[in-house]
Every structure is written in C-alpha cells, then in structure tokens.
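Have a look at the structure below before the remarks.
The values are calculated or read from the model by the stated rules, or taken from the named source; none is laboratory data. Only a predicted model underlies this, so the values are computations on that prediction, with no experimental measurement involved. Here Cβ is always computed from backbone atoms with ideal geometry, including for glycine, and neighbour counts include all displayed protein chains.
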Amino acid sequence: MSKMKGLAMLGFDTIGWIEKDIPKAGPMDAICKPIAISPCTSDVHTVWEKALGERHDMILGHEASAEVVEVGSLVKDFKAGDKVIIPAITPDWETVESQSGYSQHSGGMLNGWKFSNMKDGTFAEYFHVNQADGNLAHLPDEIDVEDAVMLSDMVPTGFHGANNAEVEYGDTVVVIGIGPVGLMAVAGSVLRGAGRVFGVGSRKKCQEVAKFYGATDLINYRDGDIVDQIRDAMNGKPVDKVILAGGGLETFDQAVRMVKPGGIVSNINYLGTGDYIKIPRVEWGLGMGHIRVTGGLMPGGRKNMEFLSRVIKNGRLDVSPMLTHRFSKLEDLEEALLLMKDKPKDLIKPVVLVG
Ligand code: NDP
Ligand code: ZN
C-alpha cells in the first residue's frame, strides 16, 4: 500500500478528504500513524479566516498521540511500534534560532510550526515527523492515549502563556478566553502559584471547568466591559498579569488598561484577522509604564513533551475534563473539526480515537 487518505484544506473555506502518497522518512525522521487526534481552533483560523494565506490540498491537524511505523537510519531512541506524543511544533534543532532559545522560529518566523502550515498534518492515516529524536517523546504507560493528545498543543500553549506572563506566587492573573487553551493557562498559572485567577468567557461549561482548574473569579464578557467588571472586583486596583487566550484585537487594549505598572500582558491567541493592535497611550504610562506586551507560539520538541507529561503522569494535572466530545474513527474527524468551528455551548475539545 502506498496511498493514504487525509482530511485537507482544499482551499479557503473548503475542507475535504483527499488521497496522497504515504510520506517517507529521511535519515533523521519518523513516519507515524495516529492513535488519537484532536482538531484545534488554529485549524479553523487557517481554513475559514485565511489566516496563513493560501493553502491547497494541505492535510490539516497538528495534535495527536501516535505509533511509530518507520524511522530513518540515524534515529537512535525510537523504533517502529513505539507509542509517542506528537508536539504540534517540531523545530529544526540545528538552526541559529533554536540555539538562541526560539526553536518555534527555527529557520524563520513561525517555521517550527510545520504540521498543517508548511507540510501535511496529523489528520491522515500516516504523517511525517522531522528530526524524530528531537521532536518525539515516548508516551508513558500511565497516560491515556486520548489525554496524551492534550500534550501536543493545549497544555504547552496554556503553560507557555503562564510562563511568558512570569506568574509568581500570589499574583493576580486574568486569563481572557477560557476555551481549552485558556483553561490550560489557568491551570499553568495555578501551578506557578497564582493567588487569584480571573477567567473570562461566557459558556457555562468552560466556566465550570475553569473553576476545576483553579479560577477564583469568573467574568462574562457579554455582561459588560471586562475592564470595569475586573476593576470592580479588585476595588479599583490593577492586576499583576494578563494572559490573552481568546477574543479579538481589542483584548490588548483591555489588558493594558487593567494591568499594573510593571505588569505583563502575555498573548497566546492566534490572531487570525485584522492589521494593527492598539495600545492605549495613557494607560501604557505614556510609553513609560514598564508594561510588557509579549506573544508566543508554544514551544514544541521532545524535552517539553517529556517534562509536561510528568505533570500529568504524577497527578498534578487532569486534562480529561476538557475532553467533552469523543469519536471513534478517522472519518469522524470532519464532524469533530466542524464542532471546533461552530463551538456549541457544551464543547471544550473533541478527540477522535483512530488507532
Ligand atoms: P476557543 O474558541 O475554544 O476559546 C476562546 C475563548 O475566548 C472562549 O472562552 C470564548 O468565550 C472567549 N472569548 C470569545 N470572545 C471573547 C471576547 N470578546 N472577550 C473575551 N473572551 C472572549 O479557543 P481555544 O481555546 O481552542 O484557542 C484559543 C486561541 O489559541 C485560538 O486563537 C487558537 O488558535 C490559539 N492557539 C495558539 C497557540 C499558540 O501556540 N500560541 C497554539 C494553539 C492554539 P465563550 O466561547 O465562552 O463565549
Ligand atoms: Zn493547535
């Protein structure tokens, strides 16, 4: 058998099943077949918001747990039959950017993001992983294959938001957006010692799960200006950190208006539309307020997957409350992706068991 099928972006606004050649492993690479897969809001931005530009017949997806089926001749630590965690971001580790600590941008801006951006992704019977020793991680027996999919992207992205916000013991943190990414930013902030965590979102299901992860206050952006709501709850005081994991470009303005001098605004949202971000001049201390605004793509790679999997394996993080919709065959991916696009009220994250 040399052909496989996959769910692809056929062009803007269009997805469909296509047939392609099964990829081949270079000397340092691996070919994997997915065991469990999850669609991501990023796939939605890519197809329906035209966020990355044109892509034709590109297989979507970047989240999966998988089994290795083939490795290149130079791969040392993985072999066919191994169960692995697939990071959404698979950098080229020899590049100057990786050596400078920004592996997400190995070879150029966002170029560590290969699946469903620069090459075919995980929504297929087989997919290719570059630099297997640097990018795959063995899946511990204690971690369920469906839970493991959350290690691909949701856990590392949310935790990256909390890391970039430099959350400290006792900090008051606002997480704008409590979909799966924001929920993991809540969990990451709590693990880093935050004292008070506001979660901003409207859907009841997400609010319930935000409480489970340690949000102390819930704010519904549909009930009025979130800056006013948070200022009231804080008796007029600013917050220490803001993590952006949902909403549009207006959230930067809101975040700068609620954060303290010297505070940090940490964006992990994929900004799919619009041209410029407005920062309010006065609230930004006339340019002298020491308010840092930063934004980052999640770091991928083996070490990150191995370290984050310890947090789950040893019971410090339970990702299962996020898995609200389960499917049991590859063909169901289309329905799962459309759920991610339409965001019904009871959805946090769908997972498709294929192996
Ligand atoms: P969801 O769509 O599931 O969640 C978005 C959240 O934002 C929801 O809680 C939603 O509330 C809330 N929201 C919507 N509008 C507003 C608003 N105007 N003000 C405040 N909150 C609002 O997305 P995900 O959690 O799946 O993903 C979040 C973002 O992270 C996406 O852009 C995704 O592409 C990106 N991402 C980034 C990565 C990275 O490496 N940086 C990696 C992976 C994903 P509700 O629905 O309850 O009304
Ligand atoms: Zn994703």
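Check G16, G26 and return the single one that is part of a loop (DSSP other than H, G, I, E, B), assigned by TED's automatic domain parsing to the domain that holds D144 and either of a type outside the set (G, A, S) or under 17 Å from K119 (Cα atoms) (or both).
G26
Between residues in segment 152-175 that are under 20 Å from M258 (Cα atoms) and residues that are part of a loop (DSSP other than H, G, I, E, B) and within 9 Å of ligand 1 (Cβ to nearest atom), which pairs lie under 8 Å by C-beta distance while being six or more apart or on different chains?
Close Cβ pairs satisfying both conditions: G161/A245; G161/I268; G161/G296; N164/I268; N164/G296; V175/A245.
Scan segment 185-209 for residues that are under 18 Å from L308 (Cβ atoms) and either among the charged types (D, E, K, R) or touching a residue at least 60 places away in the same chain (Cβ under 8 Å) (or both) and jot them down.
Selection gives A185, A187, L191, R192.
Confirm whether K24 is surrounded by fewer than 17 Cβ atoms within 10 Å (Cβ to Cβ), among the basic types (K, R) and more than 25 Å from S328 (Cβ to Cβ).
The answer is yes for K24.
What tally of residues in segment 162-198 results from selecting those that are over 19 Å from V209 (Cα atoms) and surrounded by fewer than 24 Cβ atoms within 10 Å (Cβ to Cβ)?
7
Give the number of residues within segment 34-52 that are assigned to a loop (DSSP other than H, G, I, E, B) and of a type outside the set (S, T, N, Q).
6
For segment 332-345, how many residues are part of a loop (DSSP other than H, G, I, E, B) and surrounded by 12 or more Cβ atoms within 10 Å (Cβ to Cβ)?
1
Quick check on A8: is it within 16 Å of ligand 2 (Cβ to nearest atom), buried (at least 20 other Cβ atoms within 10 Å of the Cβ) and assigned by TED's automatic domain parsing to the domain that holds G134?
Judged against the criteria, A8 is not a match.
I need a count of the residues in segment 313-326 that are in contact with a Leu (Cβ under 7 Å, 6 or more places away or on another chain) and of a type in the set (A, V, I, L, M, F, W, C).
So the count comes out to 1.
Kindly evaluate V181 against the criterion of being outside the structural domain of T324 (by TED's automatic domain parsing) and within 16 Å of ligand 2 (Cβ to nearest atom).
yes
Restricting attention to segment 99-114, does a residue exist that is among the aliphatic types (A, V, I, L, M), more than 20 Å from K349 (Cβ to Cβ), touching a helix residue (DSSP H, G or I) at 6+ places or on another chain (Cβ under 8 Å) and touching a residue at least 40 places away in the same chain (Cβ under 8 Å)?
yes
Residues that are within 29 Å of L323 (Cβ to Cβ) and out of contact with any Asp or Glu (no Cβ under 9 Å at 6 or more places or on another chain): does segment 23-41 have at least one?
yes
Please specify each residue of segment 33-52 satisfying the condition of being closer than 20 Å to M305 by Cβ and surrounded by fewer than 22 Cβ atoms within 10 Å (Cβ to Cβ).
K33, I35
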